[in-house]
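A.B. asks: Dumping the structure here so I can ask a few things about it.
The values are calculated or read from the model by the stated rules, or taken from the named source; none is laboratory data. Not measured: the values here are computed from a predicted model. We place every Cβ from the backbone using ideal geometry, glycine too, and count neighbours over all the protein chains shown.
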Amino acid sequence: MNTVEKGCRRDRKILRLLDLLGALTTEQVRLLCFKELKAGERKAQHRLKRLYDLGLVKRLRPSLDSPNVYYTEERPSQLEHVIARNWVYCYLVATCRPGERLESWLTEEDYGVLRADALARIKNYPTDKSRFLFVEVELSDNRFDKVRKYTQLCQQGIDAWWADEAEVFPPILLVTDSLTRLERMRRAVRDENPLGLRFDVRLLDDLRREAAGWTRNPLRLSF
């Protein structure tokens, strides 16, 4: 495969990811498409500029100290939340176990009692089995009620295509950008979890560093 063909293939991958995820920063594109290259950041910038010049993607800079954000159609609502959620996607891609791959990523799935930020399906190809996990990103100071709502969801049962394939109720990854909210979420898991559902509460910055490979010994999820 020559250089032009490689570039076109990566362009198609970038566009597919933008369709799936809604919006990505340059760094997220680097991690998802060019991580193996020494000049990955420069390559990501070059391909994104080309797609922008061709009118295939749009871009904006939310603030002077923020990176460019790229998207294909309308600017996503709650852009900060979308970018934070996509850092979780990058983290899961980067930390899959050997033989595993992040097979699907469903966002804003409505289960009645709650609308999940994301449901990830991670497939183990040697065993042909999948594991699932819910993702919730909390960036506001609104009342945190997700532990209670996931308890209700587990009690009422789930009528979804993946429910029969999941051997247990999926664990829930809770992500926030604030130590204060982190402690509040941990208290909720401790005090409002009568069914003993599996939660892992993490800081967004920690996931970003681990996705980028900035930590020598990444702390993997507890499930």
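A.B. asks: Given the residues 85, 10, 101, which is the only one that is touching a strand residue (DSSP E or B) at 6+ places or on another chain (Cβ under 9 Å) and either modelled with pLDDT under 95 or outside any helix (DSSP H, G or I) (or both)?
C.D. replies: Exactly one residue qualifies, and that residue is 101.
A.B. asks: Do we have residue 94 as of a type in the set (Gly, Ala, Ser), in contact (Cβ under 8 Å) with a residue 24 or more places away in the chain and either over 17 Å from residue 221 (Cβ atoms) or in contact with a strand residue (DSSP E or B) (Cβ under 9 Å, 6 or more places away or on another chain) (or both) here?
C.D. replies: Taking the combined requirement at face value, the residue does not satisfy it.
A.B. asks: Identify all residues within segment 110-129 that are crowded, with 17+ Cβ neighbours inside 10 Å and either of a type outside the set (Lys, Arg) or not in a strand (DSSP E or B) (or both); write none if there are none.
C.D. replies: Residues satisfying the conditions are 111, 114, 116, 117, 118, 119, 120, 122.
A.B. asks: For the structure I just gave you, tell me whether residue 140 is of a type in the set (Ser, Thr, Tyr) and at pLDDT below 95.
C.D. replies: yes
A.B. asks: Just one of 36, 74 is within 24 Å of residue 106 (Cβ to Cβ), at pLDDT below 95, assigned to a loop (DSSP other than H, G, I, E, B) and not aliphatic (A, V, I, L, M); which is it?
C.D. replies: Testing whether each residue is within 24 Å of residue 106 (Cβ to Cβ), at pLDDT below 95, assigned to a loop (DSSP other than H, G, I, E, B) and not aliphatic (A, V, I, L, M) leaves just 74.
A.B. asks: In segment 197-215, what residues are surrounded by fewer than 17 Cβ atoms within 10 Å (Cβ to Cβ), of a type outside the set (Asp, Glu) and assigned to a helix (DSSP H, G or I)?
C.D. replies: Correct list: 209 only.
A.B. asks: Would you please list the contacts, defined by Cβ atoms under 8 Å and residues six or more apart or on different chains, that run from a residue in segment 136-159 that is free of Cβ contacts under 8 Å to residues at least 40 places away in the same chain to a residue that is in a loop (DSSP other than H, G, I, E, B) and of a type in the set (Gly, Ala, Ser)?
C.D. replies: 157/163
A.B. asks: Evaluate segment 42-62: report whether one residue or more is under 30 Å from residue 139 (Cα atoms), polar (S, T, N, Q) and not in a helix (DSSP H, G or I).
C.D. replies: Scanning segment 42-62 turns up no residue that is under 30 Å from residue 139 (Cα atoms), polar (S, T, N, Q) and not in a helix (DSSP H, G or I).
A.B. asks: Take segment 165-187 and flag every residue that is outside any loop (DSSP other than H, G, I, E, B) and in contact with a Leu (Cβ under 9 Å, 6 or more places away or on another chain).
C.D. replies: 172, 173, 174, 175, 176, 179, 181, 182, 185, 186
A.B. asks: Further, regarding this structure: Conditions first: (1) closer than 30 Å to residue 202 by Cα; (2) surrounded by 15 or more Cβ atoms within 10 Å (Cβ to Cβ); (3) touching a strand residue (DSSP E or B) at 6+ places or on another chain (Cβ under 6 Å). Residue 60 passes all but one, so which condition is the exception?
C.D. replies: (2)
A.B. asks: Is there any pair linking a residue in segment 168-194 that is free of Cβ contacts under 8 Å to residues at least 40 places away in the same chain and more than 19 Å from residue 209 (Cα to Cα) to one that is among the polar types (S, T, N, Q) and assigned to a loop (DSSP other than H, G, I, E, B), with Cβ under 7 Å and at least six apart or on different chains, and which?
C.D. replies: Listed pairs, sorted by first residue: none to list.
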